[in-house]
Amino acid sequence: MKILVTGGEGQVGSALERAGREAGHDMRMMSRRALDITSVRSAGEGLSRQRPDLVINAAAYTAVDRAEEETEQAFSINQTGPQNLAETCQKMGLPLIHISTDFVFDGLKDGPYLETDPCAPLGVYGQSKWLGEQAVTRTLDRHLILRTAWVFGGATSFVETMRRLAGTRQDISVVDDQKGGPTPAAAIADCLLVMAEKALAAGFSDWGIYHFCGTPPVSWYEFAGYILKDRAGVTVHPIPTRDYPTPAKRPANSVLACGRIADVFGIQQPDWRDYLAD
């Protein structure tokens, strides 16, 4: 299986490259220099040159707070980019797996979010990702959209931030009224490969949106406490979101219901605690 991956240098892209090559797939990892999804010409030339069996879009503008100021850049990468890829894939007859986010929801629901729940993003990042989803859905017949949340596994993730802070502080305050399912990048990579294999199988027709996140659900405070549970002399303190103001508002509930992906693909939620050692 020949897979072209945009955003190949990010957390998920890096994990996907390792997992794909270990599984024997031909992974074509595209940085923005190699394929700029914000340019329909670059997208067309890149896909025509590589001729993959399937495309995975892991490219995204993910700086949630900066997006409130860098609005044009956020929409260019998160909305226009997926639109360009979807148009190119439709012309070439290629399936596309597009990665999205829990930030398309407002976090007010009492309980895990289903794929069919209405979207109501709170900020620019969420709005741009939601519009990107709509662009893919509207443009490309053979598409899969994977919404995930609280990704960790790279140098800039929450896990590494907590470990870095623990090296310089004895007291760390973390919000305790935002809840989600931490999701290992390695688990997302494995999930994407399963989806890709089944999407290319003869007769596959279950296109659409799927949710995937880690379990059990926790608050950021609880997650931080687990990350630093073996750090002697470091205490994690719970605080409300109002005591940690940020330019972009976060959803209080980011828990995703993952029943559909289990039913269609046989993919189970990963226990994020099993991945922390790695």
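The values are calculated or read from the model by the stated rules, or taken from the named source; none is laboratory data. As the structure is a prediction and not an experimental result, all values here were calculated from the model. Neighbour counts are summed over all protein chains in view; Cβ atoms, including those assigned to glycine, are modelled from backbone coordinates with ideal geometry.
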Give the residues of segment 203-241 that are surrounded by fewer than 17 Cβ atoms within 10 Å (Cβ to Cβ), at pLDDT 95 or above and of a type in the set (D, E, K, R), sorted by residue number. Asp206
Any chance Gly81 is modelled with pLDDT of 95 or more and either polar (S, T, N, Q) or surrounded by 24 or more Cβ atoms within 10 Å (Cβ to Cβ) (or both): yes
Does any residue of segment 239-252 turn out to be within 17 Å of Asn57 (Cβ to Cβ), under 16 Å from the mean Cα position of the chain (by Cα) and either part of a helix (DSSP H, G or I) or in contact (Cβ under 8 Å) with a residue 24 or more places away in the chain (or both)? no
Go through segment 265-274 residue by residue and tally those that are in contact (Cβ under 8 Å) with a residue 60 or more places away in the chain, part of a helix (DSSP H, G or I) and either more than 16 Å from the chain's Cα centre (by Cα) or at positive phi (or both). 1
Within segment 109-125, restricting attention to residues that are assigned to a loop (DSSP other than H, G, I, E, B) and of a type in the set (A, V, I, L, M, F, W, C), which residue is farthest from Asp36 (Cα to Cα)? Leu114
